[in-house]
Amino acid sequence: MHKAIYLSVKVTMPPDSQGGDRLRQLESRVGQQLRQTEHHLTGTVKRVQDLGDQVEMTVSLEGEQEAPADFARLAIDDVRRALEAAFAAPAARNLRISVAEIREDTSAVDDLADAGLL
């Protein structure tokens with residue numbers, strides 16, 4: 001059965017003085033990891049918000065899974081493993097990035113529509 005979900009992904013990374021450069025690098029790195037996860041889910045980064053020492057991203061994922069199975073748990077675990085692997089090595093300019101929180105974002109469709117991102 002085809003399923004889809006929006007997740008809120010918060011990562012911790014030090015702010016830098018070059019503005020959006022770190023956000024573009026992070027969005028690119030996360031986007032690469034979401035092209036296909038361990039369980040063959042595919043995803044895209046829909047929005048990136050700078051929160052100072054944290055960055056929050058809204059990502060959409062979709063894939064196939066048995067109907068009664070918990071897709072949210074599968075998606076969260078898959079994304080966490082993919083991002084932790086991607087962030088295991090220092091990022092550009094030796095910044096350390098870590099996953100702070102991943103949760104289902106049940107209001108993402110409304111929020112993205114309001115922002116004109118759908």
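Here is a yes/no grid of residues against (1) more than 15 Å from Leu26 (Cα to Cα); (2) among the acidic types (Asp, Glu):
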position: His40; (1), (2): yes, no
position: Gly63; (1), (2): yes, no
position: Ala67; (1), (2): yes, no
position: Asp70; (1), (2): yes, yes
position: Val79; (1), (2): no, no
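Within the stretch 64-75, one or more residues are in contact (Cβ under 8 Å) with a residue 60 or more places away in the chain and under 21 Å from Ala100 (Cβ atoms).
Checking every residue in the stretch 33-48 against the condition of being without any contact (Cβ under 8 Å) to a residue 12 or more places away in the chain, part of a helix (DSSP H, G or I) and surrounded by fewer than 14 Cβ atoms within 10 Å (Cβ to Cβ) gives zero matches. From the set of residues in the stretch 3-21 that are in contact (Cβ under 8 Å) with a residue 12 or more places away in the chain and more than 22 Å from Leu112 (Cα to Cα), which is surrounded by the most Cβ atoms within 10 Å (Cβ to Cβ)? Only one residue tops the list, namely Met13. Has the stretch 35-52 got at least one residue that is under 13 Å from the mean Cα position of the chain (by Cα), at pLDDT below 90 and not hydroxyl-bearing (Ser, Thr, Tyr)? Within the stretch 35-52, one or more residues are under 13 Å from the mean Cα position of the chain (by Cα), at pLDDT below 90 and not hydroxyl-bearing (Ser, Thr, Tyr).
The values are calculated or read from the model by the stated rules, or taken from the named source; none is laboratory data. Every value quoted in this text rests on a predicted model; they were computed, and no experiment measured them. Note that we place each Cβ from the backbone using ideal geometry, even for glycine, and neighbour counts take in every protein chain shown.
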